[in-house]
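Peer 1: My questions all concern the structure below.
The values are calculated or read from the model by the stated rules, or taken from the named source; none is laboratory data. Note that this is a predicted model, so its numbers are computed, not measured. Cβ atoms come from the backbone with ideal geometry, glycine included; neighbour counts cover every protein chain shown.
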Ligand SMILES: Cc1ncc(COP(=O)(O)O)c(C=O)c1O
């Protein structure tokens, strides 16, 4: 049975955190998409430049898509690359053509990922997503009844429940550090994790920037503290990979995970697992098969069998698109869009913004409660009337709306989100 868009949105809204889809038709006529190369970025990018970026996305112009924390659309060079490579293979499905693609496309993507993250290709595994990367770590370390893992309560289930499930099987203990609302500051969190360490602690699994409140964590400091105590770190970077100018050479976690289909705007079902060269001998492969990567840890962890080569080629294209704009420039833009929202929403009577505006406590996600309004109705209204695609946070834990703007959003769209909130609050 086909659902109308409204029924679809309502079905989604029934389950906890849900992205809401506007009921308007996503008409092809209001597009001004171009496949022309992105103009050279000015030294100080203005709104015109960001509109040029937006013109490389198939997003309808009357949809305000602020749901990057969940999944991102890809720019035209990525869409076209995926299509062209798939088509090329289907027209010439010879093993020779395929193996060239497989080898060159995948390794080019690995090199670009390494540069983007300030590390080496030997430390990069190309996965399906953050979920897989996190699970490769919790399944791949040799842990037993003598060992303990510390997790953070605001972690994604793949870095929280996954540890608890595996603890039942392998016998290690899991201790949970509780999140604090509002963000108590970097030192407080470094201290909380330091105090939780015991002589049995082997790893701390935490999140770079949480999807529940947008809280940014002092990743470098927590990793340094853990290293000084002989404890490994798994840093879940689902909300920072491709959003912030992440330099793993500087942060120095043992493991870092991310999804290319989120902030990097890459093809779907593509991700990264960074394994610090110091711990290559500490992790076992979860999948043992053929066609591994060509260098470093990918030889051990990436033998996943047949893959969609076109997707790996398109991943490289996504990174090139991103790099042509610039890592620091993108981070600054995301901070500008989110910062504007936090500032304006805080001014509205009754609105509670969970996200702390200080640059060391947040960056690219904003979560807020719309006064006494029912968050579900509020987000439905914004979806229906304004075309806002955001994430509803239902339930009791920080209920409200999560807005995650990206490089395809304009300042005008942020103003429209604020105006729509005002209208719904009757202000
Ligand atoms: C912090 C965090 N980790 C992991 C994930 C899982 O990402 P994926 O479904 O791409 O594996 C998410 C998804 O939103 C997330 O926010």
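Peer 1: Which fully enclosed helices (runs of 4 or more DSSP H) of region 171-276 have 2 or more residues being within 16 Å of the ligand (Cβ to nearest atom)?
Peer 2: Fully inside region 171-276 and qualifying: 219-228.
Peer 1: If residue 68 satisfies all but one of (1) within 16 Å of the ligand (Cβ to nearest atom); (2) surrounded by fewer than 17 Cβ atoms within 10 Å (Cβ to Cβ); (3) at pLDDT 90 or above, what's the number of the condition it fails?
Peer 2: Residue 68 satisfies all of (1) within 16 Å of the ligand (Cβ to nearest atom); (2) surrounded by fewer than 17 Cβ atoms within 10 Å (Cβ to Cβ); (3) at pLDDT 90 or above except (2).
Peer 1: Within the set of pairs 6 or more residues apart or between chains, which connect a residue that is assigned by TED's automatic domain parsing to the domain that holds residue 139 inside region 187-214 to a residue that is at pLDDT below 95 and within 11 Å of the ligand (Cβ to nearest atom) with Cβ atoms less than 9 Å apart?
Peer 2: Pairs found: 211/17; 212/17.
Peer 1: I've got another one for you. If you check residue 80 against the conditions, is it in contact (Cβ under 8 Å) with a residue 24 or more places away in the chain, under 24 Å from the mean Cα position of the chain (by Cα) and either surrounded by fewer than 18 Cβ atoms within 10 Å (Cβ to Cβ) or outside the structural domain of residue 60 (by TED's automatic domain parsing) (or both)?
Peer 2: Yes; evaluated as a whole, the condition is true for this residue.
Peer 1: Every residue in region 30-57 that is touching a strand residue (DSSP E or B) at 6+ places or on another chain (Cβ under 9 Å) and without any contact (Cβ under 8 Å) to a residue 60 or more places away in the chain, please.
Peer 2: 33
Peer 1: Among the residues of region 62-77, count how many are free of Cβ contacts under 8 Å to residues at least 60 places away in the same chain and in contact with a strand residue (DSSP E or B) (Cβ under 6 Å, 6 or more places away or on another chain).
Peer 2: Residues that pass the stated criteria total 0.
Peer 1: Now for a separate question. Give just the number: which of (1) at pLDDT 75 or above; (2) surrounded by fewer than 18 Cβ atoms within 10 Å (Cβ to Cβ); (3) in a helix (DSSP H, G or I) does residue 11 not satisfy?
Peer 2: Unmet condition: (1).
Peer 1: If you scan region 122-135, which residues turn out to be touching a helix residue (DSSP H, G or I) at 6+ places or on another chain (Cβ under 6 Å), more than 16 Å from the ligand (Cβ to nearest atom) and part of a helix (DSSP H, G or I)?
Peer 2: Hit for region 122-135 is 123, nothing else.
Peer 1: For region 136-155, which positions are within 16 Å of the ligand (Cβ to nearest atom), within 14 Å of residue 255 (Cβ to Cβ) and surrounded by fewer than 20 Cβ atoms within 10 Å (Cβ to Cβ)? So that I can check it myself, show each step before the final result.
Peer 2: We begin by selecting, within region 136-155, every residue within 16 Å of the ligand (Cβ to nearest atom); these are 136-139, 151-155.
Now narrow it down to the ones that are within 14 Å of residue 255 (Cβ to Cβ): 136-139, 151, 155.
Across region 136-155, the qualifying residue is only 139.
Peer 1: Something else about it: Quickly run through region 102-121 and pick out the residues that are surrounded by 17 or more Cβ atoms within 10 Å (Cβ to Cβ) and either out of contact with any strand residue (DSSP E or B) (no Cβ under 8 Å at 6 or more places or on another chain) or not in a helix (DSSP H, G or I) (or both).
Peer 2: 102, 105, 107, 108, 112, 116, 117, 119, 120, 121, listed by residue number.
Peer 1: Read through the list (1) in contact with a helix residue (DSSP H, G or I) (Cβ under 8 Å, 6 or more places away or on another chain); (2) modelled with pLDDT of 95 or more; (3) not assigned by TED's automatic domain parsing to the domain that holds residue 243, then give the number of the only condition that residue 317 fails.
Peer 2: (3)
Peer 1: For region 159-170, give me each residue that is more than 28 Å from residue 357 (Cα to Cα), within 16 Å of the ligand (Cβ to nearest atom) and in contact (Cβ under 8 Å) with a residue 24 or more places away in the chain.
Peer 2: Of everything in region 159-170, those that are more than 28 Å from residue 357 (Cα to Cα), within 16 Å of the ligand (Cβ to nearest atom) and in contact (Cβ under 8 Å) with a residue 24 or more places away in the chain turn out to be 162, 163.
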